[in-house]
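Student: Would you mind keeping the following structure in view while I ask a few things?
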Amino acid sequence: MLNRLTEHIMLYEDGLRTGILLNGENSILFNWCSGHEELLSGVPAPQTIYCTHHNRSAVGGALSAPTGVDIVCPENERHLFEETATYWGNWRNRYHTYHQRPGAEALPNPVAISHIVRGGESFGAGPATITVADTPGPSDGAVSYIVEVDGQRIVFCGDLICGDGQVWALHMLQKGFGCVSDYHGFMGARPLWQASLARIAALKPDIIVPSRGPLVHAPAAAIHKLSERLDALWDNYVGASALNHYFPDLLVPAKAQAKYLPEAPTLPPPDYLRRLPRTTSFALCADDGAVLLIDCGSPTVSEILTCWQQEGQIGAVECCWITHYHDDHTDALGQLVIEQNCRLLSNRTTAEISNDPTAWFLPYQSHAPAPPITSYAHDESWLWHEYRLTCLDLPGQTLYDAGLLVEGHGARLLLCGDTFSPTGLDDYCCGNRNWLGPNTGMTRCLELVRHYQITHIVNQHQEMAFRFDETQLNWLERNLTQRYTLAAALTPWDDPNFALDPAWAHIYPYEQRAFAGSSVDLALVIMNHSAEPGHIIARPELPKGWPTPVQTLEATVPPHREIALRTTISIPDDAVPGTTVVPFCITWQGDNIGSPCHALLRIRSPHEEKAQ
């Protein structure tokens, strides 16, 4: 656990890493990682903690720092240390979220900051000189600390690099650029990240000490390798991106390096599939005038349907298929059901998310529960008027997409939500859980297009339909195979989906309302992306004074399987009403990986219960 790097530098390591500068009878820490509280027994008393960024896995130990310890953070992230109630109380950080930063690994409780630092500052610290460098990337305000001591120049860089040319989490690169928000910004932090790496390389350090992964003893080579790998993955991604359809000029700077998918020709949808203008909805019309609506994200949908009915263009709207849970496809379902008296249909997971949004934390979620939804299993078929309909689990734009196959009038239509475009794939948000690999993610979607011999692909945001021919399907499959290989080289995990999927460990239900003095049942859900069994140990980090859970959560997760570990949290009678964030500290395959997920408890006082 405790290792000596130089005469005055020690490292506390268990998968995460806290740096220690020995300063006589005291010590100076660089980050204080989640789960490292016990290091106090092995080193001189900490005097100061220098934090690289706000990520709670890196600095969660600061929450239990002894009185009198100075805590120092980057100037631009002070609010994320001291104003956590503001962050967690902001409704926009919970629903309808199009931003991915600062992210869900914010600190659960405030930390009093003694000082702030800015890039370029330099100061003495006992036997060492410390210089601050702005190194945004893992977070927008991140810094690194360059420590010159014992004849060495040592950089504590947080999550900027992870060993020899790798990064810990590819989803940390999610950031808006140009005209798009964080939501559309897959790898959008790449230029920022590379500039920070170049800034560190220019300092010619002897050793880089990241928060995770092996120490970097050849910094220049490792940084060059990481930058090249980031470029290679980016070139692969932009060549098959749907953003080339929606924003043709956005990725122009990359076109010199990337090879692009030959764009699929468009064709009008069949006459019996009518687009509702200025919406994400289509109407599938039967010969007798009955309508099956696809998605309803705006009140405009009901207005158009009513107008068409009054003009005699359509008959009754009998049902509505929901392709996925995003708010621009679901926000007006309640109004639709009231005004059209129709049924709602989807696959199981889309129905669960839409019916109970509090149980999930995903991008673009609507805050309003949808009316009851009838759910179908994958490949389940039924007749609706002259059409045969088939539910398809379509893990493309999101893991939980519900594609609808419509067969009739000599055509096979795939209503795909947002999954495809003529220029490729809508997989631009890691928060949607876009997995790579055989028989999953977009590769699985392409397999379904091939298997069902789709004649028309219909995206809810596009006027025209399109079709991928055999050449384009082969091209996209090769692109995704290469993407898996490139992502695997960029990460230390044995499967890159751990680095791409921010919800491989998550809590269900995510949010619960409870009274002080009661208890809540929840589950830690773990997806093992690996081909090998994975061993997990986990515990909730409860507020001080709360009863400890009966047992630590522990299990072996089979390969490529998802399991749920259930526990109960008791809320004391004197719990403070309001929002309480309960992170879960996780050890995976023997390594402490911090607290990547949390439960959100909305606590009410017992007096409110009696009043009801």
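Student: Within region 437-452, count every residue that is open to solvent by 20 Å² or more (accessible area, probe 1.4 Å) and in a loop (DSSP other than H, G, I, E, B).
Tutor: Selection size over region 437-452: 4.
Student: Right, another one. Can you find even one residue in region 469-487 that is in a loop (DSSP other than H, G, I, E, B), β-branched (Val, Ile, Thr) and more than 24 Å from the chain's Cα centre (by Cα)?
Tutor: Quick first cut of region 469-487, residues in a loop (DSSP other than H, G, I, E, B) only: 469.
Adding the requirement that they be β-branched (Val, Ile, Thr) leaves none.
Checked region 469-487: no residue is in a loop (DSSP other than H, G, I, E, B), β-branched (Val, Ile, Thr) and more than 24 Å from the chain's Cα centre (by Cα).
Student: Scan the helices (runs of 4 or more DSSP H) fully inside region 254-354 and keep the ones with 2 or more residues being touching a helix residue (DSSP H, G or I) at 6+ places or on another chain (Cβ under 6 Å), free of Cβ contacts under 8 Å to residues at least 40 places away in the same chain and surrounded by fewer than 18 Cβ atoms within 10 Å (Cβ to Cβ).
Tutor: 333-340
Student: Looking at region 371-391, I want the residues that are in a strand (DSSP E or B) and have a partner that is among the hydrophobic types (A, V, I, L, M, F, W, C) and surrounded by fewer than 16 Cβ atoms within 10 Å (Cβ to Cβ) with Cβ atoms under 9 Å, at least 6 apart or on another chain. Which pairs are those?
Tutor: Listed by first residue and then by second, the contacts come to Tyr376/Trp382; Arg388/Trp382; Leu389/Trp382; Leu389/Leu383; Thr390/Trp382; Cys391/Ala377; Cys391/Trp382.
Student: Report yes if some residue within region 92-102 is closer than 30 Å to Gly297 by Cα, free of Cβ contacts under 8 Å to residues at least 60 places away in the same chain and not polar (S, T, N, Q); otherwise report no.
Tutor: There is at least one residue in region 92-102 that is closer than 30 Å to Gly297 by Cα, free of Cβ contacts under 8 Å to residues at least 60 places away in the same chain and not polar (S, T, N, Q).
Student: Now for a separate question. Output the residues belonging to region 136-150 that are over 23 Å from the mean Cα position of the chain (by Cα) and under 18 Å from Trp168 (Cα atoms).
Tutor: Ser144
Student: Specify which of the listed residues (Gly163, Gly185, Gly158) is of a type outside the set (Val, Ile, Thr), within 27 Å of Gly61 (Cβ to Cβ) and crowded, with 22+ Cβ neighbours inside 10 Å.
Tutor: Working: Gly163 fails: crowded, with 22+ Cβ neighbours inside 10 Å; Gly185 fails: within 27 Å of Gly61 (Cβ to Cβ).
Sole residue among the options that is of a type outside the set (Val, Ile, Thr), within 27 Å of Gly61 (Cβ to Cβ) and crowded, with 22+ Cβ neighbours inside 10 Å: Gly158.
Student: Among the residues of region 540-550, are any crowded, with 20+ Cβ neighbours inside 10 Å, among the β-branched types (Val, Ile, Thr) and in contact with a Ser or Thr (Cβ under 9 Å, 6 or more places away or on another chain)?
Tutor: no
Student: What tally of residues in region 183-226 results from selecting those that are in contact with an Asp or Glu (Cβ under 6 Å, 6 or more places away or on another chain) and of a type in the set (Val, Ile, Thr)?
Tutor: 0
Student: Can you tell me which residue in region 79-119 is surrounded by the fewest Cβ atoms within 10 Å (Cβ to Cβ), limited to those that are part of a loop (DSSP other than H, G, I, E, B) and of a type in the set (Lys, Arg)?
Tutor: Arg118
The rows are residues; the columns are (1) under 30 Å from Asn479 (Cβ atoms); (2) of a type outside the set (Ser, Thr, Tyr); (3) open to solvent by less than 10 Å² (accessible area, probe 1.4 Å).
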{"residue": "His367", "(1), (2), (3)": "no, yes, no"}
{"residue": "Ile373", "(1), (2), (3)": "no, yes, no"}
{"residue": "Leu383", "(1), (2), (3)": "no, yes, no"}
{"residue": "Gly396", "(1), (2), (3)": "yes, yes, yes"}
{"residue": "Glu407", "(1), (2), (3)": "yes, yes, no"}
{"residue": "Leu414", "(1), (2), (3)": "yes, yes, yes"}
{"residue": "Asp418", "(1), (2), (3)": "yes, yes, yes"}
{"residue": "Pro422", "(1), (2), (3)": "yes, yes, yes"}
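Student: So which residues in region 35-84 are in contact (Cβ under 8 Å) with a residue 40 or more places away in the chain and among the aromatic types (Phe, Trp, Tyr)?
Tutor: Once the filter is applied, which keeps residues that are in contact (Cβ under 8 Å) with a residue 40 or more places away in the chain and among the aromatic types (Phe, Trp, Tyr), region 35-84 yields only Tyr50.
Student: Same structure again: Looking at the structure I just gave you, is Ile569 part of a strand (DSSP E or B) and open to solvent by 20 Å² or more (accessible area, probe 1.4 Å)? Break it down stepwise before answering.
Tutor: Values: part of a strand (DSSP E or B): yes; open to solvent by 20 Å² or more (accessible area, probe 1.4 Å): no.
Against the criterion (part of a strand (DSSP E or B) and open to solvent by 20 Å² or more (accessible area, probe 1.4 Å)), Ile569 does not qualify.
Student: Somewhere in region 530-549, is a residue among the hydroxyl-bearing types (Ser, Thr, Tyr) and in a strand (DSSP E or B)?
Tutor: Among the residues of region 530-549, not one is among the hydroxyl-bearing types (Ser, Thr, Tyr) and in a strand (DSSP E or B), which makes the answer no.
Student: When region 402-449 is examined, which residues are found to be under 30 Å from Gly103 (Cα atoms) and without any contact (Cβ under 8 Å) to a residue 40 or more places away in the chain?
Tutor: Scanning region 402-449 gives Pro438, Asn439, Thr443.
Student: Is it the case that some residue within region 157-170 is at pLDDT 95 or above, assigned to a loop (DSSP other than H, G, I, E, B) and within 30 Å of Pro248 (Cα to Cα)?
Tutor: The answer is yes, given that some residue of region 157-170 is at pLDDT 95 or above, assigned to a loop (DSSP other than H, G, I, E, B) and within 30 Å of Pro248 (Cα to Cα).
Student: Related question: Condition (residue is closer than 21 Å to Pro502 by Cα, small (Gly, Ala, Ser), open to solvent by 20 Å² or more (accessible area, probe 1.4 Å) and not in a helix (DSSP H, G or I)) applied to region 572-590: is it met by at least one residue?
Tutor: Scanning region 572-590 turns up at least one residue that is closer than 21 Å to Pro502 by Cα, small (Gly, Ala, Ser), open to solvent by 20 Å² or more (accessible area, probe 1.4 Å) and not in a helix (DSSP H, G or I).
Student: Answer yes if at least one residue in region 450-457 is touching an Asp or Glu at 6+ places or on another chain (Cβ under 9 Å), without any contact (Cβ under 8 Å) to a residue 40 or more places away in the chain and under 26 Å from Leu233 (Cβ atoms), and no otherwise.
Tutor: Yes, some residue in region 450-457 is touching an Asp or Glu at 6+ places or on another chain (Cβ under 9 Å), without any contact (Cβ under 8 Å) to a residue 40 or more places away in the chain and under 26 Å from Leu233 (Cβ atoms).
Student: Is there any pair with a first residue in region 204-218 that is among the polar types (S, T, N, Q) and a second that is part of a loop (DSSP other than H, G, I, E, B) whose Cβ atoms are under 7 Å apart and which are 6 or more apart or on different chains, and what are they?
Tutor: Matching pairs, first to second residue: Ser211/Asn31; Ser211/Cys33; Ser211/Asp159.
The values are calculated or read from the model by the stated rules, or taken from the named source; none is laboratory data. Nothing here was measured: the structure is a model prediction, and the numbers come from that model. So basically every Cβ, Gly included, is an ideal-geometry build from the backbone, and we count neighbours across all protein chains shown. Note: areas computed on protein heavy atoms with side chains; ligands, DNA, RNA excluded. Shrake-Rupley method; radii C 1.70, N 1.55, O 1.52, S 1.80 Å.
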